[in-house]
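Engineer: Take a look at this one; I'll ask things after.
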Amino acid sequence: MKFIFILGGLTGFLVATIAGWAADRSASSILLDSMCGAVVGACLFRWFWSVLLRGMRETYLARQRAADLAAAAKKKS
């Protein structure tokens, strides 16, 4: 989880820095926007990671249930 948070922060910082530099903004504005971008990027990556993990967990549990039902049906016959 820490890795995802740091990766999101770094990505947000870099995207905001590059966008500010391309827009020819002042250095102080670029740094302020980059700091905000780091926080937003970290939160978005954390949210996306939790959604991804929840989806993988649900898929695993659905496959496990299907395997259990198939085993139970095989036992009955």
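No lab work stands behind these numbers, since they all come straight from the coordinates. Small disclaimer: the values here were computed from a predicted structure and weren't measured. Glycine also receives a Cβ, built like all others from the backbone with ideal geometry; neighbour counts cover every protein chain displayed.
Engineer: Which of the peptides 70-77, 35-42, 52-59 is most tightly packed, and how do the rest follow, judged by the mean count of other Cβ atoms within 10 Å per residue?
Structural biologist: For the peptides 70-77, 35-42, 52-59, the packing ranking is 35-42, 52-59, 70-77.
Engineer: How much length is gained on full extension from residue 54 to residue 31, taking 0.36 nm per residue of separation minus their Cα-Cα distance? Don't skip to the answer; put the middle values down first.
Structural biologist: Details: separation 23, 0.36 × 23 = 8.28 nm, distance 3.44 nm.
Length gained between residue 54 and residue 31: 4.8 nm.
Engineer: Follow-up question, since we're still on this one. Under the definition of Cα pairs under 8 Å and six or more residues apart, what whole-number percent is the relative contact order of the chain?
Structural biologist: 36
Engineer: Also: Could you tell me which residue out of 5, 18, 29 lies farthest along the dipole of the chain toward its positive end? Charges go on the beta carbon: Lys and Arg +1, Asp and Glu -1, centred on the Cα centre.
Structural biologist: Result: 5.
Engineer: For residue 2, which lysines qualify as cross-link partners when the Cα separation must be under 25 Å and same-chain residues fewer than eight apart are set aside?
Structural biologist: By straight Cα distance, residue 2 reaches no lysines at all.
Engineer: How large is the charge dipole for the chain, taken about the Cα centre, if only the Cβ atoms of Lys, Arg (+1) and Asp, Glu (-1) carry charge, to the nearest 20 debye?
Structural biologist: 820
Engineer: Which angle from 0 to 90°, rounded to the nearest 10, does the C-alpha axis of helix 27-76 make with the longest principal axis of the chain?
Structural biologist: Value to nearest ten degrees: 0.
Engineer: Something else now. Taking the structure as given and computing Rg and Dmax of the Cα atoms in Å, which label from (1) 15.8, 49; (2) 21.8, 75; (3) 16.6, 57 fits?
Structural biologist: (2)
Engineer: Another question about this same structure. Taking the 0 to 90 degree range and rounding to the nearest ten, how far is the long axis of helix 2-22 tilted relative to the main principal axis of the chain, both from C-alpha atoms?
Structural biologist: Taking the Cα atoms of the chain, the angle to 2-22 is about 40 degrees.
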